[in-house]
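Asks: I have a structure I would like to understand better, so I am pasting it below and will then ask my questions one at a time.
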Amino acid sequence: MAASSGYPALAELKGRDFLSSTDTTAEQTAALLQLASDLKAGRTRIDLGGRSLGLIFSKASTRTRVSFTVAMARLGGQTIDLNPQVSQVGRGEPVADTARVLSRYVDALAIRTFAQEELADYAHWASIPVINALTDLEHPCQALADYLTLQEAFGELDGLTLAYVGDGNNVAHSLMLCGALLGVNVRVGCPKGYEPDAGVLEQSRQLAGTRCSIDVVHEAVAAVRGAHALYTDVWASMGQEDEKAAREAAFSGWCLNEELVAEADPRAIVLHCLPAYRGLEISAGAMEGSSSRIFDQAENRLHAQQALLAALLGGT
Ligand code: CP
Ligand code: NVA
């Protein structure tokens, strides 16, 4: 079936890029989660008829790389690994040339890189959908899987509160933007100096309007109190390896542990995008405890990205 036939909100996504959580409307984001849920439950099937996705990953990846590869296989398509080390990208072939050539071969590109501007440059030159597989600014595919996991736990998202404790990074940005679209209150708790980008905060608040709130606080307990999801991510993201020691000092006392879980709603779930460092941003107990949905969350990358690919490629 066409991805949009039972999901009219998705029709307009065919052929479009997904560079940011804001590239889908509130209605489209909710429809993507519904399609992901239906695909996961086997209530619908989509055949992409042998189409190809190119993966250009300039940073390491386990979940994103494998989940995109398996998602395409399950949709009847295939993935081609265009790792910069084995392609001419690593030797400096310009984005303008690479993007136009690859557009003649593959049907979509998933790109993991540093600058959001480089991703936008690919999207400018490519005539096929370009997907953000993580940049320094955003990780929008991750946020889809995260809110799918929260929706599975609570049935619906509107009015829930997600507390993100840690660095105001790419993952936090997409959680704020996507949460705002879905009516989820997002509270970011972080030490001073590690706040989310001010522009992303403003954009999130505009998207949220009066439907939900997006807040930044500098106290962990204040962030998590009564929340329905507690989320954290690494203190030093890829590309910040040199800052690791300074960040570990700055984030001392910010570990997502059982004491913080006890301050949340009794039904609260614990999330982490992974990879995780136990004993730093998350305790082993919080990670392995009964509230943890971290491995369901990792699985949901597969279902959420199947839905996204089906929508962008207009599967038949
Ligand atoms: N969460 C996530 O994106 O994991 P990878 O870096 O392994 O892809
Ligand atoms: N913030 C982390 C996420 C990894 C999936 C990073 O960018 O390294």
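Asks: Around ILE131, which amide H atoms from residues at least 5 apart in sequence, or from another chain, sit under 5 Å from its own amide H, with H modelled in the peptide plane?
Replies: The list, which skips near neighbours in sequence, is PHE18, LEU109, ALA110, ILE111.
Asks: Further, regarding this structure: Counting heavy atoms of the protein chains only and a 1.4 Å probe, report the per residue accessible area for the chain as a whole number of Å².
Replies: I get 40 Å² per residue for the chain.
Asks: Tell me, what ³J(HN,Hα) does each residue in the stretch 238-243 have, in order and in whole Hz, if you take phi through Karplus 6.51 cos²θ - 1.76 cosθ + 1.60 with θ = phi - 60° and put x for Gly and Pro?
Replies: 4, x, 10, 4, 5, 8
Asks: Just subtract the alpha-carbon distance of ALA60 and GLN88 from 0.36 nm times their residue separation and send over the number in nm, one decimal.
Replies: That works out to 8.3 nm of additional length.
Asks: Please report the relative contact order for the chain, taking Cα pairs under 8 Å with a sequence separation of at least 6, and give it as a percent rounded to a whole number.
Replies: 23
Asks: Subtract the Cα-Cα distance of GLU219 and HIS124 from 0.36 nm times their separation in residues, and report this length gain in nm to one decimal.
Replies: Full-extension gain reported as 30.1 nm.
Asks: Quote the FRET efficiency, to the nearest 0.05, computed for ALA73 versus ARG211 with a Förster distance R0 of 41 Å and r equal to the Cβ-Cβ distance.
Replies: So the FRET efficiency works out to roughly 0.65.
Asks: Report, by chain and number, residues whose modeled amide H sits under 5 Å from the one on ARG187, excluding near sequence neighbours (fewer than 5 apart, same chain).
Replies: LEU162, ALA163, TYR164, ASP215
Asks: Follow-up question, since we're still on this one. At 1.4 Å probe size, with the rest of the protein present, what percent of the exposed accessible area of the stretch 16-142 is carbon and sulfur atoms?
Replies: Reported share for carbon and sulfur atoms: 49 percent.
Asks: Mind checking which aspartates and glutamates have their C-alpha under 14 Å from LYS40, skipping anything on the same chain fewer than 8 residues away?
Replies: Partners found: GLU152, ASP296, GLU299.
Asks: Report the residue, chosen from ALA246, ALA276, ALA133, that carries the largest GNM mean-square fluctuation when the chain is represented by alpha-carbon nodes joined by springs under 10 Å.
Replies: Among ALA246, ALA276, ALA133, the largest mean-square fluctuation in the Gaussian network model of the chain belongs to ALA246.
Asks: Turning to a different aspect of this structure: Can you run phi through the Karplus equation (6.51, -1.76, 1.60; θ = phi - 60°) for the stretch 12-21 and list ³J(HN,Hα) in whole Hz, with x for Gly and Pro?
Replies: Karplus-based 3J(HN,Hα) across the stretch 12-21 equals 6, 7, 4, x, 8, 8, 10, 9, 8, 4 Hz.
Asks: Provide the per-residue ³J(HN,Hα) series for the stretch 294-305, in order, calculated from phi with Karplus coefficients 6.51, -1.76, 1.60 and θ = phi - 60°, each as a whole number of Hz, with x at glycine and proline positions.
Replies: Values, residue by residue: 5, 7, 5, 4, 5, 4, 5, 4, 4, 6, 5, 6 Hz.
Asks: Grab the Cα-Cα distance for GLU152 and GLU258, subtract it from 0.36 nm times how many residues apart they are, and report the gain in nm with one decimal.
Replies: My answer for the length gained is 35.9 nm.
Asks: What FRET efficiency do you get for LYS14 and ARG43 if R0 is 30 Å and r is their Cβ-Cβ distance, rounded to the nearest 0.05?
Replies: 0.90
Asks: When we measure straight from the Cα of LYS244, which aspartates and glutamates land under 18 angstrom away, once same-chain ones fewer than 8 places off are left out?
Replies: Straight-distance partners of LYS244: ASP136, ASP167, GLU195, ASP233, GLU281.
The values are calculated or read from the model by the stated rules, or taken from the named source; none is laboratory data. From a predicted model like this one, the values you see are computed outputs, not experimental measurements. Positions of Cβ are generated from backbone atoms using ideal geometry, with glycine treated the same way; all protein chains shown enter the neighbour counts. Note: areas computed on protein heavy atoms with side chains; ligands, DNA, RNA excluded. Shrake-Rupley method; radii C 1.70, N 1.55, O 1.52, S 1.80 Å.
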